[in-house]
Amino acid sequence: MGRLVMKFGGTSVATIERIQNVARHVKREVDAGNEVAVVVSAMSGKTNELVGWATEASALHDAREYDTVVASGEQVTAGLLAIALQALGIQARSWLGWQIPILTDDAHASARITGVEGGEIIARFKNAKEVAVIAGFQGIHKDSGRITTLGRGGSDTSAVAIAAAIHADRCDIYTDVDGVYTTDPRVVPKARRLDKVAFEEMLEMASQGAKVLQVRSVELGLVHNMPVFVRSSFDKPEDIDPHGMPPGTLICSEEEIVESQVVTGIAFSKDEAQISVRHIQDKPGVAASIFGPLADASINVDMIVQNVSEDGKFTDLTFTVPASEFTRAKDTIAKAKAKIGYTKLDTATDVAKVSVIGVGMRSHAGVAAKAFAALSERNINIRAITTSEIKFSLLIDAAYTELAVRTLHTLYGLDQA
Ligand code: ADP
Ligand code: ASP
Ligand code: MG
């Protein structure tokens, strides 16, 4: 007997029929003797629709009311799954974020979980063999009592947080692919499923654009050392061997991975914008005059490249921000023009970041150098580069994203045989 969290994403609960299929998956685990808490997303497309409605009502809407609107999608699926489970003769009860409660800070639309009360769920496992069906993506800010949401893809984070709070043995993330692949299998058909991925690698993959898991869910998995297993919800529950492990990817600590490759995976993101600040003085304090105002405006800066000036007097500085923050970032820099003292801004929004990730990079030299040569052979220009211990990222023209990802995928021996 074990204790499990089972999380089902939007495509897995997109119709009543699929919700009934999910209910049979849950029944399978209950019949095997497990205590189960389920976390559900909204039906696929629903959250986009709700976000669209909030924006249509007013482009500059109150973030608290945005959360009230967008949290509703998960309320529907939690209730529906509880109904479908009861119809199979399983004791089940739905829970909204505030009922558990899942406590968060007050950063509406991208709130962070600060605590989860797991006691009542555990008590009901014990007393009534009751399955908890929990609405993902939502929480409550204790002081204001308002509903919050955890940012797009946040149900993954709800699931791992619940798993930690109820001391689950594992958190299963059921989605529309049967695991984590070397890169997005919808873009590179030759992508290979990985059996195991280290938390640190998954953290990089998720934060560099692999949306299969929300970044914060991986952070929580790492902090609580909670094994996270990514698997498909489209398998027929009846076909799954109750004793074996189905296809999927285990996200776990690095020590559990016996054989590690130099490169584990490639992630990419087209959600980037580039800003180049031209002809600034090459002297102390100038970078602070650029990045200070951006930090004050809570704009995340990612890649930064500063040229070394030839004459020691003037230089250029290039950085990237998320595409959604582009206009705000440009305006923030323009407002600080007198203080920064630049001549002009060059910007580009048709750029993409391709990142190559692997813990093996710690002990291998020259991994990135190979990429530069391969991309130059394809005439792909690199606009900016950043590196960390287990990753390097390249900024390129968005039009070349797929070509670059496929080229690097082959280069590092990741293609399926
Ligand atoms: P859910 O609705 O179940 O949360 P998501 O759409 O958020 O599902 O995440 C699953 C999707 O992530 C897949 O359909 C796939 O296109 C995409 N994806 C991106 N990178 C990867 C990767 N490296 N491995 C697997 N899937 C990936
Ligand atoms: N429904 C939310 C979203 O689409 C949360 C999730 O699916 O994880 O972002
Ligand atoms: Mg998701």
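Things worth noting here:
- The relative contact order of the range 266-411 comes to 31 percent, based on Cα pairs under 8 Å that sit 6 or more residues apart.
- Within the chain, longest stretch clear of exposed GluC sites (Glu not before Pro) (DSSP loop, no more than 11 other Cβ within 10 Å): 1-258
- Separation between Cα centres of the range 49-108 and the range 371-415, rounded to whole Å: 39
- In degrees, nearest ten, helix 286-296 long axis to first principal axis of the chain (Cα): 30
- The string of couplings for the range 101-114 from the Karplus curve (6.51, -1.76, 1.60, θ = phi - 60°) is x, 9, 8, 9, 7, 9, 7, 3, 6, 8, 6, 9, 6, 10 Hz, one whole number per residue in order, with x for Gly and Pro.
- Within the shell defined by Cβ-Cβ distances under 9 Å, the residues around Gln91 carry a net charge of +2, with Lys and Arg each +1 and Asp and Glu each -1.
- Relative contact order (%) - the range 357-407, alpha-carbon pairs under 8 angstrom, separation at least six: 38
- Backbone amide hydrogens, once placed in the peptide plane, bring Ala273 within less than 5 Å of Val321, Ala323, excluding anything fewer than 5 places away on its chain.
- Residues with amide H under 5 Å from that of Ala92, placed H, sequence gap 5 or more: Val131
- Global geometry of the range 217-360, whether rounded, prolate or oblate, following the gyration tensor of its Cα atoms and the 1.5 cut on a/c: prolate
- Theoretical FRET efficiency, 1/(1+(r/R0)^6), r = Cβ-Cβ of Asp239 and Lys211, R0 22 Å, to 0.05: 0.20
- Principal-axis tilt of helix 119-128 within the chain, Cα atoms, nearest 10 degrees: 30
- A simple spin-label model places the labels of Ala297 and Ala57 2.7 nm from each other, with each point 7 Å out along Cα-to-Cβ.
- Close amide H contacts of Gly115 (hydrogens built in the peptide plane, cut-off under 5 Å, sequence separation of 5 or more or a different chain): Leu103.
- Using θ = phi - 60° and Karplus 6.51 cos²θ - 1.76 cosθ + 1.60, couplings along the range 257-269 (whole Hz; Gly, Pro as x): 9, 6, 10, 10, 7, 5, 10, 9, x, 10, 10, 8, 8
- For the chain, calculated [θ]222 nm from helices alone, where every DSSP H run of n ≥ 4 adds -39500 (n - 2.57): -10000 deg cm²/dmol
- Distance violations [Cα-Cα > 32 Å] among Lys7/Lys142; Lys236/Lys353; Lys190/Lys370: Lys236/Lys353
- Loop trypsin sites (Lys or Arg not before Pro), the range 144-211, which have at most 15 other Cβ atoms in a 10 Å radius of their Cβ (DSSP): Arg152, Arg186, Lys190, Lys211
- Gained length - Asp195 relative to Ser72, 0.36 nm times residue gap less alpha-carbon distance: 40.8 nm
- Beta bridges per DSSP with both ends in the range 3-255, % antiparallel, nearest 5: 30
- Derived scalar couplings between HN and Hα for the range 359-372 equal 5, x, 5, 4, 10, 10, 9, x, 5, 5, 4, 4, 5, 4 Hz in order, rounded to whole Hz, by the Karplus curve 6.51 cos²θ - 1.76 cosθ + 1.60 (θ = phi - 60°), x for Gly and Pro.
- By the beta-carbon count within 10 Å of each Cβ, the least crowded to most crowded order of Lys344, Lys391, Lys7, fewest first, is Lys344, Lys391, Lys7.
- The range 3-255 shape via C-alpha gyration tensor axes, a/c threshold 1.5: rounded
- Fully extending the segment from Glu256 to Asn307 would add 14.2 nm, taking 0.36 nm per residue of separation and subtracting the current Cα-Cα distance.
- Extension gain, Lys126 to Ala107, is 3.3 nm, computed as 0.36 nm per intervening residue step minus the present C-alpha separation.
- Proximal charge balance of Glu200 [Cβ under 13 Å; K/R count +1, D/E count -1]: -4
- Whole-number percent relative contact order across the chain, with pairs defined as alpha carbons under 8 Å at least 6 apart: 14
- Between helix 326-335 and the chain: long-axis angle, C-alpha atoms, 0 to 90°, nearest 10: 40
Any read-out appearing in this document is the output of simple, stated calculations on the displayed coordinates, not a laboratory observation. The structure presented is a predicted model; accordingly, all values stated were derived computationally and were not measured. Every residue, glycine among them, receives a Cβ derived from its backbone with ideal geometry; neighbour counts consider all protein chains shown.
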